[in-house]
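Peer 1: There's a structure below that I have some questions on.
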């Protein structure tokens, strides 16, 4: 009996070998390298990286490399043309433009960090990566010597030195604000900085329910170090809060610090920028130019050390993971010749 059926075609089967699977996995991992890295970053760190890489992208454009900030932030292959020479000259470019030494060092650290991600993704070769890793920023002594030789324009966001208020000025900012909703809001603002050492971002994030006037405590989140803390409210903070809450009808879920118009009427929540701007205004009224929220935290730590606060206690209260920062304040507050005995 003859079989008139047509032969069944045998489909082509592509066999994916183990090396091919590995190559595909490597490609997927490379595409996700930057997003995976950034997923672990705090929002303020991402914003700073974007600012740093904006300057880097501008510099690359002057060198003839048209690479956008978006590409540097999202496409790891954008880092392929980066060399040791480009990174090294980036330092000199920033000096010529007039950036502050601290800002230059921060941007170098950001660029090197992204180069590290590109190296892990096999975009940068190990030899190039090793040379880039050896590019060093400027030490404090280097910075002083460099600044003596150049016109200081200070494009960087931070001041060269933090302002430390006197105890008298700190009391004035906390206790001598007008008896208005805006005035008591300003008093709370300064109390949170000068009595509790909060960061600007931590103050802007405070909610009404973070305050417990019955137990006289403040519970808040330190995003920078991923830590929830409870502080005992200082006498000045308690007084300012009681007056402020008489004017501001706050309910659960609402932000504690409210913005205001010139007439003093309270409005929506204060942003970090609004907090910074208001601290600056309050400083100017006192005769202190360019006072910032960070200066308030710096003053809190310095005055606490001068009053005899233990370093470990200051580290815990300030939400520092390392004793390095409180130690800096202790060194700054120390009397250099304390303990030196001279003949009568």
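Peer 1: Given the conditions (1) in the same structural domain as residue 188 (by TED's automatic domain parsing); (2) at pLDDT below 85, report the number of the one that residue 337 does not fulfil.
Peer 2: For residue 337, the exception is condition (1).
Peer 1: Does residue 266 fit the bill of being closer than 21 Å to residue 237 by Cα and at pLDDT 85 or above? Lay out the reasoning, then the answer.
Peer 2: Numbers: closer than 21 Å to residue 237 by Cα: yes; at pLDDT 85 or above: no.
Criteria not met by residue 266.
Here is a yes/no grid of residues against (1) closer than 16 Å to residue 34 by Cβ; (2) surrounded by 14 or more Cβ atoms within 10 Å (Cβ to Cβ); (3) touching a helix residue (DSSP H, G or I) at 6+ places or on another chain (Cβ under 9 Å):
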site: 67; (1), (2), (3): yes, yes, yes
site: 74; (1), (2), (3): yes, no, yes
site: 84; (1), (2), (3): no, yes, yes
site: 94; (1), (2), (3): no, yes, yes
site: 97; (1), (2), (3): no, no, yes
site: 104; (1), (2), (3): no, yes, yes
site: 117; (1), (2), (3): yes, yes, yes
site: 121; (1), (2), (3): yes, yes, yes
site: 125; (1), (2), (3): no, no, yes
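Peer 1: Being in the same structural domain as residue 284 (by TED's automatic domain parsing), closer than 15 Å to residue 292 by Cβ and either surrounded by 22 or more Cβ atoms within 10 Å (Cβ to Cβ) or at pLDDT below 90 (or both): is that true of residue 189 here? Working first, answer last.
Peer 2: Numbers: in the same structural domain as residue 284 (by TED's automatic domain parsing): yes; closer than 15 Å to residue 292 by Cβ: yes; either surrounded by 22 or more Cβ atoms within 10 Å (Cβ to Cβ) or at pLDDT below 90 (or both): yes.
For residue 189, the condition - in the same structural domain as residue 284 (by TED's automatic domain parsing), closer than 15 Å to residue 292 by Cβ and either surrounded by 22 or more Cβ atoms within 10 Å (Cβ to Cβ) or at pLDDT below 90 (or both) - is met.
Peer 1: Across segment 220-232, what is the total count of residues that are in contact with a helix residue (DSSP H, G or I) (Cβ under 7 Å, 6 or more places away or on another chain) and outside any strand (DSSP E or B)?
Peer 2: Result for segment 220-232: 1.
Peer 1: Any idea how many residues of segment 222-241 are in contact with a strand residue (DSSP E or B) (Cβ under 9 Å, 6 or more places away or on another chain) and surrounded by fewer than 17 Cβ atoms within 10 Å (Cβ to Cβ)? It would help to see each step written out before you state the result.
Peer 2: Step one: filter segment 222-241 for residues in contact with a strand residue (DSSP E or B) (Cβ under 9 Å, 6 or more places away or on another chain), giving 222, 227-233, 237, 241.
Cutting the leftovers down to surrounded by fewer than 17 Cβ atoms within 10 Å (Cβ to Cβ) gives us 227-228, 230, 232.
Qualifying residue count for the region: 4.
Peer 1: Residue 35 passes all but one of (1) in contact with a helix residue (DSSP H, G or I) (Cβ under 8 Å, 6 or more places away or on another chain); (2) surrounded by 13 or more Cβ atoms within 10 Å (Cβ to Cβ); (3) assigned to a helix (DSSP H, G or I); (4) modelled with pLDDT under 90; which number fails?
Peer 2: Unmet for residue 35, out of (1) in contact with a helix residue (DSSP H, G or I) (Cβ under 8 Å, 6 or more places away or on another chain); (2) surrounded by 13 or more Cβ atoms within 10 Å (Cβ to Cβ); (3) assigned to a helix (DSSP H, G or I); (4) modelled with pLDDT under 90: (2).
Peer 1: Looking at segment 284-294 only, could you name the residues that are assigned to a helix (DSSP H, G or I) and within 19 Å of residue 177 (Cα to Cα)?
Peer 2: Correct list: 284, 285, 293.
Peer 1: Restricting attention to segment 242-264, which residues are touching a strand residue (DSSP E or B) at 6+ places or on another chain (Cβ under 6 Å) and free of Cβ contacts under 8 Å to residues at least 60 places away in the same chain?
Peer 2: 255, 259
The values are calculated or read from the model by the stated rules, or taken from the named source; none is laboratory data. Remember, predicted model here, so these are calculated numbers, not experimental data. In this analysis, Cβ positions are derived from the backbone assuming ideal geometry, glycine residues included, and neighbour counts consider all displayed protein chains.
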